[in-house]
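J.: Structure in structure tokens, see below.
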Amino acid sequence: MREEFALQYADRRAKERGYDNYRIVYREFVLPGKGVLKFQANNELWLITYIAWGLIVKSDYGRYENWHTQGIVENSHEHADRIEIMNSRDEQSTIRFLQVILKTKSDGSKE
């Protein structure tokens with residue numbers, strides 16, 4: 001998903017989920033060869049803007065493989081809740097996201 005599209009998509013998806021306020025954070029992870037990264041992303045959306053060959057992303061929203069996937073399916077770039085990133089290669093690989101943090105009036109953050 002290109003960054004420009006991801007920004008527009010983030011705004012639309014936040015509103016679809018009933019959130020008027022959100023914050024965008026740019027995230028980049030470098031996974032070592034055969035490395036795995038797992039994390040929780042509650043009240044967040046993670047939009048893939050770059051993924052190196054051989055990485056696999058699984059979440060409660062689905063699975064995206066930059067290994068066997070042919071073509072681009074835009075909604076396969078959206079992930080949330082439990083996210084697991086796996087590097088199927090022996091070399092380190094990079095992935096970049098736009099993290100969309102959905103803000104509520106009671107979350108303690110500034111509006």
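The values are calculated or read from the model by the stated rules, or taken from the named source; none is laboratory data. All values reported here derive from a predicted model rather than from experimental measurement. Note that we place each Cβ from the backbone using ideal geometry, even for glycine, and neighbour counts take in every protein chain shown. Surface areas here come from the heavy atoms of the whole protein model, side chains and all, with no ligands, DNA or RNA. Shrake-Rupley method; radii C 1.70, N 1.55, O 1.52, S 1.80 Å.
J.: If I filter segment 94-111 down to residues being farther than 16 Å from Lys34 by Cβ and polar (S, T, N, Q), which single residue comes out as modelled with the lowest pLDDT? Full working, then the answer.
T.: Quick first cut of segment 94-111, residues farther than 16 Å from Lys34 by Cβ only: 96-111.
Retained after the next criterion (residues that are polar (S, T, N, Q)): 99, 104, 106, 109.
Working: Gln99: 97, Thr104: 77, Ser106: 69, Ser109: 63.
Out of the qualifying residues, it is Ser109.
J.: Just for segment 61-93: of the residues that are modelled with pLDDT of 90 or more and in a loop (DSSP other than H, G, I, E, B), which one is surrounded by the fewest Cβ atoms within 10 Å (Cβ to Cβ)?
T.: Going through the qualifying residues, I end up with Asp90.
Yes/no per residue for (1) open to solvent by 30 Å² or more (accessible area, probe 1.4 Å); (2) touching a strand residue (DSSP E or B) at 6+ places or on another chain (Cβ under 9 Å); (3) among the polar types (S, T, N, Q):
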{"position": "Met1", "(1), (2), (3)": "no, yes, no"}
{"position": "Ala14", "(1), (2), (3)": "no, yes, no"}
{"position": "Phe39", "(1), (2), (3)": "yes, yes, no"}
{"position": "Trp46", "(1), (2), (3)": "no, yes, no"}
{"position": "Thr49", "(1), (2), (3)": "yes, yes, yes"}
{"position": "Ile56", "(1), (2), (3)": "no, yes, no"}
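J.: Could you grab me the full set of residues in segment 1-25 that are touching a helix residue (DSSP H, G or I) at 6+ places or on another chain (Cβ under 7 Å) and either in a strand (DSSP E or B) or modelled with pLDDT of 95 or more (or both)?
T.: If the condition is that a residue be touching a helix residue (DSSP H, G or I) at 6+ places or on another chain (Cβ under 7 Å) and either in a strand (DSSP E or B) or modelled with pLDDT of 95 or more (or both), then Tyr22, Ile24 are the ones that fit.
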